[in-house]
Amino acid sequence: MTNQITLRTVLPDEEDTILLIGRRMLATLEEVLGAERAHELYTLEQTVERVRWHLNPSAVAAAVFVVDTAEGKCVGHAIVRIDQDEENREFGLFGTLYVDPAARNQGVATALIGRGEQWVRTHHLHRVATYTDEHNHKLQTLFLSKGYLLSPMPKQFVKLQKELE
């Protein structure tokens, strides 16, 4: 699929795309945590507002990327931003990564991760990470295959981190 996709940056006025990403953020939580726990944490309105927040340069240094098929169907997204660790050092953070189940194992996630890492480098940062539930083995396997290292965290979370050259 990788030669039939377009990877692009989402713009703040793309309301349909923003809504789709918000739905998929909630779907990711449902897949990993189960529907009940996911809906205890977030509503659709909250995930949509989270996407909008990432598209507001006065709020945060971030980018939202999507992968579209040749037919114009959005099959994946990634949100990456500049964050700070416990010692106030900046690093790139994948806030979310989603690939439509029908498009998985076709290079979409690899393209999104590569673009996110590129964005982090353009901001002169050399470390990138993501956080996930300790039971999200699919995401862990994906990031581990891209050279990320896993470290446990409190409250059932893990951090996957990579030093960028």
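Each reported figure results from applying straightforward, stated rules to the coordinates on display, with no laboratory input. Quick caveat: nothing in here was measured; it's all calculated off a predicted structure. Here Cβ is always computed from backbone atoms with ideal geometry, including for glycine, and neighbour counts include all displayed protein chains.
Shown in residue order for region 9-18 are the 3J(HN,Hα) couplings computed by the Karplus curve 6.51 cos²θ - 1.76 cosθ + 1.60 at θ = phi - 60°: 8, 7, 9, x, 9, 8, 4, 5, 5, 4 Hz (x for Gly and Pro). What is the distance, in nm, between label points placed 7 Å from the Cα along the Cα-to-Cβ direction at Arg8 and at Glu87? Rounded to a tenth, the inter-label distance reads 4.1 nm.
When both bridge partners sit in the chain, DSSP labels roughly 90% of those beta bridges antiparallel. Within straight-line reach of Lys73, meaning a Cα separation under 25 Å, sit the following lysines at least 8 residues removed in sequence or on another chain: Lys138.
Per residue, the average separation of C-alpha pairs within less than 8 Å and at least 6 apart gives region 2-163 a relative contact order of 18 percent. Converting phi to 3J(HN,Hα) with the Karplus coefficients 6.51, -1.76 and 1.60 and the offset θ = phi - 60°, region 101-106 yields x, 6, 9, 6, 6, 10 Hz in sequence order, with x at every glycine or proline.
Per-residue Cβ neighbour counts within 10 Å put Phe94, Phe65, Phe157 in the sequence Phe157, Phe65, Phe94, beginning with the fewest. Over region 1-69, the hull volume per residue, using the convex hull of the C-alpha atoms, is 104 Å³. Annotation: amide H of Val10 within the under-5 Å range of Val64, Phe65, Val66, sequence separation 5 or more or interchain, hydrogens built in the peptide plane. What the Cα convex hull of the chain gives, in volume per residue, is 121 Å³.
Ignoring aspartates and glutamates fewer than eight residues from Lys155 along the same chain, the ones with Cα atoms less than 15 angstrom from its Cα are Asp133, Glu134.
Amide hydrogen proximity for Gly76: with H placed 1.01 Å from N in the peptide plane, the residues at 5 or more positions away or on another chain lying under 5 Å are Val67, Asp100.
Counting only residues at least eight positions apart within a chain, or on another chain, the aspartates and glutamates with an alpha carbon under 17 Å from that of Lys146 are Glu117, Glu163, Glu165.
Based on alpha carbons, the Rg and Dmax found for region 110-164 are 11.4, 33 Å.
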